[in-house]
Amino acid sequence: METISHWINGALSTEKSDRTGDVYNPATGQICAKVNFATPQTVDHAVDVATKAFETWRHASLTKRTQVLFAFRELVNQNKEKLAALITKEHGKVLSDAYGEVTRGLEVVEFACGIPHLLKGGFSEEVSTGVDVYSIRQPLGPVAVISPFNFPAMVPMWFFPIAIACGNTVIVKPSEKDPSAIMLVAQLLKEAGLPEGVFNVVHGDKVAVDALLTHPGIKSVSFVGSTPIAKYVYENGTKAGKRVQALGGAKNHMIVLPDADLDLAADAAINAGFGSAGERCMAISAIVAVEPIADKLIEKITERATKIKTGDGTKGADMGPLVTKVHRDKVASYIEAGEKEGAKIVFDGRKVAVDGDGFWLGPTLFDQVKTSMSIYQEEIFGPVLSVIRVKSYDEALKMVNDHQYGNGTAIFTNDGGAARRFQNEVEVGMVGINVPIPVPMAYFSFGGWKNSLFGDSHAHGTEGVHFFTRGKVVTSRWLDPSHGGINLGFPQNT
Ligand code: NAD
C-alpha cells in the first residue's frame, strides 16, 4: 500500500514517522493509502528549509515569480483531469465537482500572476520641501497554510499562490483525509521552476498544527476548517505573535421571497444543498421560505431531488459519498435528531440504497424546522436541507442575523429594492442575489463574519496580498546635487 510522505525542499521526505493515518476511498469504503504524520522535528526541519529558501526567494524578481506562476498555471491546466481524479478518489465528490474545484483554485493563480501590479506602492512627492514619502510592501517569511478535507486543492490555492508571489515561502498542512492532491500540486510547482524549499508540505494532525502554531520561524497562519479548531488556531497563533486568518464553519441561509422565480430557487436549492454532498462551506443548509410559497417550493425541490443519482463520483453519479464513515454517521445522527425534535422529513437520505461499502447517504429535506432545533443551530456539513417557514422578510432577516455563523447567504426575489435592502442589512460576509453560492472571484476576497472567521483578513484578492506582506513607509530627503553630490555640472556649494 502507498504511504504518502511529506514534501520538503523540493523532494519527498524520507523521514520516518511512528504515526500514520488511513486514507479512504469513500466510494468503496476501503483504505487506499497511508499518510505519514509529522512529528514536531519534521515541522522544525520544514521551517528550517523554508527559512533558508526565503533568504533567496524574497529577492527573486517580480518577473521570475510571475514566470513560475504562469508556468504553474499551464501545468495545472494540463494535469486537471489527474488532479480531479485524485480529489474524487480520496474525497468522494463527483468528477465534475473536483474539476470545478481546480478551476476555482486556478483563478487565484491567475490573480497572483498580476503581482507586479498588485505590489506597486504609493508615492507622494514634496510632502515637505525636498521631502518625498513612499510605501512598499515586503514579504513576511515562512508562512503556514492549514487546510480542510472538503477542498484539498482549491483551499490551499486560495493562499499559496499569493504568498509565493509576494516573496514568502510556504508550508502547507493539508487534511489528513485527502492528502494526495497537494502532492501533485507540489510536483507541478517544482516542474514550473519554483526553487526548492519555497513550497513544502507536512502531513499530520494536531501535533503538526501545534508545532506550526508555536514555531517562532512561522510568521503567519492561514487556516480553514471547523469553527472550534479555527478559534483554537486563532487564539494560539496570535498568542505566539503570528498574523492569523482562521476561516471556520457555516450555516448558510437562502431566503426565498414570495415574488421569487420558484423554479430558479428550486434548482439553486438542489445544487447548493446537495452538490458535493453538502460538504461545502458555502452549501445552503437552511431555506427560509417567506409564505405563502413554502408548499410550492418544497414540491419543486422534491420533484428535482428524486432525479439525483447518489453513487461513485467516477461513474456518472450526481452526488458522491461522504468523506468518512464517522462523518456519514454523524450526518445521519442529525437526521435522527431532527425527526425526534419534531421536524417533518419530506425525503430521507437514509433510505437511498447504493451498492458497495461506500459512505453513502442520499439527499434529505426537512420541513417545519424551528430555530431551536439542533439541525438548525449546528453545522451538519452533509446533504441535509431544512425549510423554515416565516411570515415576512423582517422575520427572515432576523433569523439570519441571529445565527452564530455568517459565512454566505442568498436571497431569491424579483424585487431589486428588497435585494438591495438585504445586501445592506444582512450580517454575513458573502451575499448572493438570485445566486445560491456567492463565492467571490479571486480578485475579490473570500470570508465570512461572526463564527465563520477569526481575524480580520479574508482570503485572496487584495486582502490576501495585504495579509502576506508587511507595509513599510519611507520618508526621504535627497539634497540637491549642489549640496555636495557628484559633479554633474551643477554649481557647487562654496
Ligand atoms: P477540521 O477543523 O476538522 O480540520 C481542518 C484542519 O485542522 C485539518 O488540517 C486538520 O488536520 C486540522 N485539525 C483537526 N483537528 C485539529 C485539532 N484538534 N487541533 C489542531 N488541528 C486540527 O475541518 P474539516 O472537517 O477538515 O473541514 C470541514 C470544516 O471546514 C467545516 O466546518 C467547513 O465549514 C469548514 N470550511 C470552512 C471554509 C470557509 O471558508 N469558511 C471553507 C472550507 C471548509
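A crude spin-label estimate for the pair Q423 and K82, with each label 7 Å from Cα along the Cβ direction, gives 4.2 nm. The label point for T103 and the one for C32, both projected 7 Å from the Cα toward the Cβ, are 2.2 nm apart.
First check a/c for region 227-314, with a ≥ b ≥ c the square roots of the eigenvalues of its C-alpha gyration tensor; if it is under 1.5, answer rounded, and if not, answer prolate when a/b is larger than b/c or oblate otherwise.
Details: a/c = 4.39, a/b = 1.98, b/c = 2.22.
Oblate is the answer for region 227-314, as a/c is 1.5 or above yet b/c matches or exceeds a/b.
Only Cα pairs under 8 Å and 6+ residues apart enter the sum, and on that basis the relative contact order of region 293-360 stands at 31 percent.
In this Cβ point-charge picture (+1 for Lys and Arg, -1 for Asp and Glu), region 252-433 has a dipole of about 240 debye about its Cα centre.
Around P440, under 15 Å between beta carbons, what's the net of Lys plus Arg minus Asp minus Glu among the other residues? Kindly include the intermediate steps, with their values, before the conclusion.
Values: positive: R104, R280; negative: E107, E110, E463.
Result for the local shell: -1.
Computed over the alpha carbons of region 28-180, Rg followed by Dmax gives 19.0, 74 Å. Between the residues I229, S17, A265, the greatest Cα displacement towards the positive end of the dipole of the chain, with unit charges on the Cβ of Lys, Arg, Asp and Glu, is found for S17.
Across the chain, counting alpha-carbon atoms alone, Rg and Dmax equal 25.0, 97 Å.
Between 0 and 90 degrees, the angle of helix 416-425 with respect to the longest Cα principal axis of the chain falls at about 60 degrees.
For the residue pairs K93/K309; K206/K242; K34/K309; K344/K450, alpha carbon separations beyond 21 Å are given by K34/K309; K344/K450. In sequence order, region 162-170 has phi-based couplings of 6, 4, 5, 4, 7, x, 8, 10, 10 Hz under the Karplus curve 6.51 cos²θ - 1.76 cosθ + 1.60, θ = phi - 60°, and Gly or Pro positions carry x.
Suppose every Lys and Arg Cβ carries +1 and every Asp and Glu Cβ carries -1, with no other charges. What dipole size does region 27-111 come out with about its Cα centre, to the nearest 20 debye? Write out the running numbers ahead of the final one.
On the way: 11 positive and 10 negative charges, 24 e Å.
Here region 27-111 has a charge dipole of around 120 debye.
Between amide H atoms placed 1.01 Å from N, distances below 5 Å from V131 occur with E126, all of them 5 or more places distant or on a separate chain.
Report the gain in length on full extension from E378 to S476: 0.36 nm times residue separation, minus Cα-Cα distance, nm rounded to one decimal. Kindly include the intermediate steps, with their values, before the conclusion.
Details: separation 98, 0.36 × 98 = 35.28 nm, distance 5.50 nm.
Gain on stretching E378 to S476: 29.8 nm.
Within the straight-line cut-off of under 15 Å between alpha carbons, the aspartates and glutamates reachable from K120 are E463, sequence neighbours fewer than 8 places apart in one chain being disregarded.
Tally Lys/Arg at +1 and Asp/Glu at -1 over every other residue whose Cβ is under 14 Å from the Cβ of T51; what's the total? If you can, show how the numbers build up before the last one.
Numbers: positive: K52, R58, K219; negative: D44, D48, E55, E196.
That works out to -1.
Taking θ as phi - 60° and the Karplus parameters 6.51, -1.76 and 1.60, the scalar couplings of region 364-373 work out to 10, 10, 9, 10, 6, 7, 10, 5, 7, 6 Hz in sequence order, x denoting glycine and proline. Within the chain, the longest segment free of exposed loop sites, counting trypsin sites (Lys or Arg not before Pro) that fall outside DSSP classes H, G, I, E and B and have at most 10 other Cβ atoms within 10 Å, spans 17-306.
The length gained by stretching the chain between E191 and T3 to full extension, at 0.36 nm per residue less their Cα-Cα distance, is 65.4 nm. Largest first, the extents of the alpha carbon coordinates of region 252-433 on the three principal axes equal 50, 30, 28 Å. Close amide-amide hydrogen proximity is noted between G197 and N9, G10, each under 5 Å apart and 5 or more residues distant or on a separate chain (H modeled in the peptide plane; Pro and chain starts excluded).
Simple point charges give the picture: +1 on the Cβ of Lys and Arg, -1 on the Cβ of Asp and Glu, and for the chain a dipole about the Cα centre of about 740 debye.
How high is the FRET efficiency from W449 to D295, r the C-beta distance, R0 35 Å, rounded to 0.05?
Working: r = 32 Å, r/R0 = 0.93.
Efficiency, from the Cβ-Cβ distance: 0.60.
On a per residue basis, the convex hull of the C-alpha atoms belonging to region 336-494 measures out at 249 Å³. For K52, a cut-off of 14 angstrom between C-alpha atoms picks up these aspartates and glutamates, skipping any fewer than 8 places away in its own chain: D44, E196. Placing pseudo-labels 7 Å out from each Cα toward the beta carbon at S96 and E110 gives an inter-label distance of 2.1 nm.
Calculate how many DSSP beta bridges within the chain are antiparallel, expressed in % of all such bridges and rounded to the nearest 5. Roughly 40 percent of the DSSP beta bridges within the chain come out antiparallel.
Couplings 3J(HN,Hα) of region 79-95, computed from phi: 10, 4, 5, 5, 5, 4, 5, 5, 5, 4, 4, 9, 9, x, 4, 5, 4 Hz, in residue order, whole Hz [Karplus 6.51 cos²θ - 1.76 cosθ + 1.60, θ = phi - 60°; x for Gly and Pro].
Among I293, C281, V387, whose Cα projects farthest towards the positive end of the dipole of region 252-433, with charges put on the beta-carbon of Lys, Arg (+1) and Asp, Glu (-1)? About the Cα centre, the residue reaching furthest to the positive side is C281.
Pulled fully out, how much extra length does the chain show between T214 and K351, if you take 0.36 nm times their separation in residues and subtract their Cα-Cα distance? Display every interim value, and only then the final one.
Numbers: separation 137, 0.36 × 137 = 49.32 nm, distance 4.65 nm.
Computed gain between T214 and K351 is 44.7 nm.
As a length-normalised measure over Cα pairs under 8 Å and 6 or more apart, the relative contact order of region 271-406 settles at 32 percent. For L361, the amide hydrogen comes within under 5 Å of the amide hydrogens of L322, counting only partners 5 or more places away or on other chains and with H modelled in the peptide plane.
A short reminder: the numbers here are calculations on the coordinates, not readings from a lab. Since this is a predicted model, take the numbers as computed values, not measurements. All Cβ positions, glycine included, derive from the backbone under ideal geometry; neighbour counts span all protein chains shown.
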